Amino acid sequence: MALSRGLRCCQRIFSWIPVIIITMVMLWSYYAYVFELCLFTITNGFEKVAYLAVFHVCFVMFVWTYWKSIFTPPSQPSKQFHMSYSDKERYENEERSEVQKQILLDIAKRLPVYTRSASGAVRFCDRCQVIKPDRCHHCSLCEMCVLKMDHHCPWVNNCIGFSNYKFFLLFLTYAIVYCVFVASTVLQYFIKFWAGELPNGHAKFHVLFLLFVALMFFVSLMFLFGYHCWLVAKNRSTLEAFQYPTFHNGPDKNGFNLGFLKNLQQVFGEDRKYWFIPTFTSLGDGHFFPMRFQGESRNPLLANEEQCEDGGSDEENYILRRGDPSVTIELDT
């Protein structure tokens, strides 16, 4: 027991190493750009002030979104998805597997759970003692079930899911903007140092290395950013891109695809003026996600569905759904 606790403690400590590395690079880039480039190298006063003003806007947004990605706790399933004390006691005292499944089934019938496991059973996490909401997965590193889990990111030492996915996307966006601005403004002084037009000094190393680091991070971030833009456009998580969400009829990669604009609104909200500000504006509560009318209408799991009669277009017609008592429960081990 003591050894296990010690290993977990060491794991938590080492998990902060990537965050510390990124933080040190950020602080060094601030010093190199503000002091070595703007204050000690650039002589034109207007250029110096303009560079410093834009740089600080980019840097603040970069740091702000990174901070929010790290310290926004992942959302967990609400209490209604957890077993009550009486249900848990009844479940644990029961030795017959069929009766255990029936106990879980009685609980699931009261919940808006419509995705299924690969074998076609309702998903249940025996570690958290929770029936998983749609798009929820268990993170072994965080040791919890995370709503709309996308992935566990070592660079922010946090699970990226429903509560902070917008912050993570904005972090990638402002990190790229930061790298582009730094690289584009440093380039001319990089050439001057390289050609010997500026005197050699300690600023030369910082300027040369600043361009190299900005370009290196830009290239790596563009691949990740492009991939997540594609995921948002399709309304998928990283986990769902590798294993499509499963319904009664089987996997459906477009089960949550509402169309490009509504997919964006699911993550960034309906008010566009808040899209690029790191405040939480995602739609819903992370437990229920609307699906396209066509995909729902052919799902036998939702045989007792009720349709929203609001007169909207097909893309706007979502389903208010009820559970099917014929489904089974599969334990997530």
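The values are calculated or read from the model by the stated rules, or taken from the named source; none is laboratory data. Everything numeric in this text was worked out from a predicted model, so none of it was measured. Please note: Cβ atoms are built from the backbone with ideal geometry, for glycine as well, and neighbour counts cover all protein chains shown. For the accessible areas, the whole protein counts, side chains as well, though only heavy atoms, and no ligand, DNA or RNA atoms are used. Shrake-Rupley method; radii C 1.70, N 1.55, O 1.52, S 1.80 Å.
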Amide H contacts under 5 Å for I160, restricted to residues at least 5 apart in sequence or on another chain and with H modeled in the peptide plane, are D150, H151, H152, C153
Treating every alpha carbon of segment 124-229 as one equal point scatterer without solvent, the Debye formula yields log10 I(q)/I(0) values at q = 0.10, 0.17, 0.24 Å⁻¹ of -0.46, -0.83, -1.18
Taking every other residue with Cβ under 15 Å from the Cβ of Y189 and scoring Lys and Arg +1, Asp and Glu -1, one gets 0
Of the accessible area of the chain, computed with a 1.4 Å probe and all protein chains kept, carbon and sulfur make up a percent value of 63 percent
Kirkwood Rh for the chain from C-alpha pairs, in Å, is 22.9 Å
Computed D for segment 197-291, Stokes-Einstein, Kirkwood radius over alpha-carbon pairs, 4 °C, 1.567 mPa s, to the nearest µm² per second, is 78 µm²/s
Among the DSSP H helices of the chain, those whose Cα atoms extend at least 15 Å along the helix axis and whose mean Kyte-Doolittle hydropathy is 1.0 or higher are 17-31, 45-71, 165-195, 202-234
What the 5 Å binned alpha carbon P(r) of segment 130-185 shows, as percent of pairs per bin from 0, is 4, 18, 23, 18, 12, 9, 7, 5, 3, 1, 0
The computed P(r) of segment 175-217 puts the percent of Cα pairs beyond 14 Å at 42 percent
Segment 58-106 accessible area per residue, 1.4 Å probe, protein heavy atoms, integer Å², reads 64 Å²
Contact order relative to length for the chain, counting C-alpha pairs under 8 Å separated by 6 or more residues, stands in percent at 22 percent
Beyond 18 Å, the calculated P(r) of segment 37-132 holds a percent of Cα-Cα pairs equal to 64 percent
